[in-house]
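J.: After the structure tokens below, expect a handful of questions from me.
The values are calculated or read from the model by the stated rules, or taken from the named source; none is laboratory data. Remember, it's a predicted structure, so these values are computed and weren't measured experimentally. When we count neighbours, we look across all protein chains shown, and the Cβ atoms used for this are built from the backbone with ideal geometry, even at glycine. With ligands, DNA and RNA removed, areas are computed over all heavy atoms of the protein, side chains included. Shrake-Rupley method; radii C 1.70, N 1.55, O 1.52, S 1.80 Å.
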Amino acid sequence: MTIRRILLSRRRFDAVLLAAGFAALAAMLSIGKVVFILFAVCGIYLAAIRHRTIRQWTPAFAVTLSAWALWQIGLSLARGEPIAGNRVLSYAGLELALVFLPLGLCLVRRPLDALATGARIGLLVLLVATPIQFAMIGGRVGLGVNEAIFAFVAGIVGLAARLPAQRPLRFLPNGPLWTYLATVPIVLSGTRAALVLMLMTAVLDLYTLFALRRRTRQQTWTLLGAIAAVVVVGAYPVGSIVANRFEAGVVELKNFEATGNVTGSADVRLVMWRSAASVLAEHPWLGVGGTVRMDRVAEKAGGNAYMVTYYEHLHNFFFDEALSSGLIGFALLVSVFAAFLVAVFRSRANQLERETACVLVAFLVLFGSFHGVLLNEWTLIAVFGTMSVLLTKLRRETLAARHAPSQSR
């Protein structure tokens with residue numbers, strides 16, 4: 001069987017594979033990462049032998065994401081940083097591979113349908129799995145990975161689930177309510193920063209209901225009822241968990257003010273950010289490199305240096321990126337998000353797709369202000385995988401619209 005026939009035979013199950021991969025990603029199963037990497041590798045192959053597939057790229061997004069990844073790789077190699085164990089190189093390589101994901105999706109008829117379906121299935125799995133794990137361990141839930149990483153991925157899955165499918169399954173209908181199901185895994189993870197997603201989504205949905213009046217009366221009451229149910233049912237457990245986490249943070253900060261010694265996650269962030277700002281002031285444009293970033297920050301932390309080196313990143317995507325690749329690298333990172341939003345708003349995207357794109361970027365920025373959101377393969381695949389699938393769908397619509405007039409003539 002020729003490679004061409006193998007690729008064409010995949011058309012029958014590629015959509016199912018993509019949906020299953022995203023559902024597995026939601027459940028923190030490694031097979032989900034493998035699926036996305038497989039599509040990216042197929043994209044690299046197609047770019048090499050079938051150059052016409054590059055039309056599937058959204059040009060600005062592909063260029064900026066490539067530039068950011070190559071800048072990180074080139075700067076790390078120019079510094080002579082070791083290759084083994086170099087997380088900057090690993091993650092930059094993954095980002096560069098994800099540039100080719102849209103090409104690998106060329107045989108998926110409706111990629112956004114597959115993504116949304118997988119996300120909805122994944123959310124239903126989380127509604128069962130996370131309470132079970134919470135009952136078993138009686139503490140923060142992460143399904144085998146870091147709780148903050150899990151909460152962020154659950155939030156991205158909640159956003160992907162609200163994206164409108166052209167042909168949704170009967171038992172998995174379209175609707176913005178899917179996002180609110182992510183409240184359960186996020187709350188059980190005990191990750192305070194992830195709760196901002198629900199606030200942003202609720203504000204946006206209420207604005208759409210009352211200011212824009214884009215939904216029918218039945219849809220309005222359904223959405224309001226769902227939001228009210230989430231608030232009523234989740235008020236006590238959410239309030240209890242958030243109050244405990246907030247109280248613990250206040251105690252840590254008060255102790256730090258009194259003694260100058262860090263004892264937890266809140267005060268150590270304060271020390272890391274202050275020290276990181278001092279290091280960045282000395283090396284603004286190129287940073288100091290990802291392999292020595294934490295050591296350089298620890299040098300500025302004085303007696304709290306041992307707590308800084310205990311962590312692998314600075315829990316702030318600005319300082320992590322700026323100290324690893326300089327302000328130039330951070331500017332390239334921002335350009336990726338900007339290119340994504342510009343591409344969405346210049347396309348034939350509907351209102352819900354545009355709103356979801358905006359919330360996705362806002363969630364990434366706000367959550368990333370307290371966590372190393374772009375320093376983990378789970379989060380990288382969830383973020384850029386979702387962005388790439390949405391842009392692939394919109395790119396196809398743009399190309400179809402361009403060819404439509406010529407075909408009619």
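J.: Please sort 45-53, 22-30, 115-123 by packing, taking for each peptide the average over its residues of neighbouring beta carbons within 10 angstrom, highest first.
T.: Working: 45-53: 13.6, 22-30: 23.1, 115-123: 27.3.
Highest-to-lowest ranking by the protection proxy: 115-123, 22-30, 45-53.
J.: Counting pairs of alpha carbon atoms under 8 Å apart in space and at least six apart in sequence, what relative contact order in percent does segment 3-397 give? Write down the numbers at each step before the final one.
T.: Details: 571 pairs, mean separation 83.8, N = 395.
The value is 21 percent.
J.: Within segment 99-183, what whole-number % of the accessible surface is contributed by carbon and sulfur, with the 1.4 Å probe and all protein chains included in the calculation? Walk me through the intermediate numbers first.
T.: On the way: 1970 of 3100 Å².
Answer for segment 99-183: carbon and sulfur cover 63 percent of the accessible area.
J.: Exactly which chymotrypsin sites (Phe, Trp or Tyr not before Pro) in segment 129-191 are in a DSSP loop and have at most 10 other Cβ atoms within 10 Å? Write down the numbers at each step before the final one.
T.: Numbers: sites: F134, F150, F152, F171, W178, Y180; in loops: F171.
Of the chymotrypsin sites (Phe, Trp or Tyr not before Pro), the ones in loops of segment 129-191 whose Cβ has at most 10 other Cβ atoms within 10 Å are F171.
J.: Can you tell me what the convex hull of the Cα atoms of segment 249-395 projects to on average, as an area in nm²?
T.: Numbers: hull surface 39.0 nm².
Seen from a random direction, the Cα hull of segment 249-395 projects 9.8 nm² on average.
J.: Using θ = phi - 60° and the Karplus curve 6.51 cos²θ - 1.76 cosθ + 1.60, what whole-Hz ³J(HN,Hα) does each residue of segment 77-90 get, with Gly and Pro shown as x?
T.: Once θ is set to phi - 60°, the couplings for segment 77-90 become 5, 5, 6, x, 5, x, 7, 5, x, 7, 5, 4, 5, 4 Hz.
J.: Give me the Kirkwood hydrodynamic radius of segment 141-206 in Å, from all C-alpha pairs, to one decimal place?
T.: Details: mean 1/r = 0.0809 Å⁻¹.
This gives a value of 12.4 Å.
J.: Here is a further query. Can you list the HN-Hα couplings for segment 375-388, worked out from phi with the Karplus curve (6.51, -1.76, 1.60; θ = phi - 60°), rounded to whole Hz and with x for Gly and Pro?
T.: Going residue by residue, I get 10, 7, 5, 4, 5, 4, 5, 4, 5, 6, x, 5, 4, 5 Hz, with x marking Gly and Pro.
J.: What number do you get for segment 3-397 when its Cα radius of gyration is normalised by 2.2 N^0.38 Å, N = residues? Present the calculation step by step, with values, prior to reporting the outcome.
T.: Details: Rg = 21.4 Å, N = 395, 2.2 N^0.38 = 21.3 Å.
Rounded to two decimals, the normalised Rg is 1.00.
J.: Let me ask something additional. What area, in nm² and to one decimal, does the C-alpha convex hull of segment 98-170 cast on average over all directions?
T.: Working: hull surface 24.6 nm².
If you wrap the Cα atoms of segment 98-170 in a convex hull and average its projections, you get 6.2 nm².
J.: Oh, and also: What number comes out for accessible area per residue over segment 270-366 if the probe is 1.4 Å? Units Å², please. Kindly include the intermediate steps, with their values, before the conclusion.
T.: Numbers: 4090 Å² over 97 residues.
Solvent-accessible surface per residue comes out at 42 Å².
J.: Excluding ligands and nucleic acids, what accessible area in Å² is computed for F345 using a 1.4 Å probe, to the nearest 10?
T.: The accessible area comes out at roughly 100 Å².
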